[in-house]
Amino acid sequence: HKAIVNPMDIQTSSAVFWTCLKAITIWVVSVLLAIPEAVFSQVVHMPDKNTTFTACVPYPLSNEMHPKIHSIMIFLVYFLIPLSIISVYYYHIAKTLIKSAHDMPGEISEHSKRQ
């Protein structure tokens, strides 16, 4: 995003530090969000006719609402929130690229084309 939207910004050592800090923060938040699934997951054996099916369930089976809440949270955290953030950055990138395409020097302007 920064390389496209602000290509002339001087990269200082503090910019590198802040970029690394943001990346580390994203990883720490990701690990923290994964802890509940690691703690509360359980292996369950579901008997069928002649076989037993073993599955890892990421939520307790005691309550009917847990699977629904879990599915909604997974959808939000893993899909909708990242998609929203990426969409905002892509919007800014596209806006910058479209503006720079219209302002390119040496291109024939609409007025010149009409003449």
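Laboratory data are not the source of any read-out in this text; all were calculated from the coordinates shown. Just so it is clear, the structure is predicted and the values come from calculations on it, not from any experiment. Cβ sites come from the backbone with ideal geometry, for glycine too, and all protein chains shown count toward neighbours.
For region 6-104, trypsin sites (Lys or Arg not before Pro) meeting the loop criterion (DSSP other than H, G, I, E, B) and having at most 16 other Cβ atoms within 10 Å: 49.
Ignoring lysines fewer than eight residues from residue 68 along the same chain, none have Cα atoms less than 19 angstrom from its Cα. Modelled spin-label separation between residue 21 and residue 65, with each label point placed 7 Å from Cα along the Cα-to-Cβ direction: 4.0 nm.
Database remark: amide H of residue 59 closer than 5 angstrom to the amide H of 42 (H placed geometrically; neighbours at sequence offset of 5 or more, or on other chains; Pro and chain starts carry no H).
Derived scalar couplings between HN and Hα for region 40-45 equal 9, 5, 9, 8, 10, 10 Hz in order, rounded to whole Hz, by the Karplus curve 6.51 cos²θ - 1.76 cosθ + 1.60 (θ = phi - 60°), x for Gly and Pro. At most 10 other Cβ atoms within 10 Å and a DSSP loop assignment: could you name the chymotrypsin sites (Phe, Trp or Tyr not before Pro) in region 17-93 that fit? Sparse-neighbourhood loop chymotrypsin sites (Phe, Trp or Tyr not before Pro): none present. Take the Cα of residue 80, step 7 Å toward its Cβ, do the same at residue 30, and the gap between the two points is 2.2 nm.
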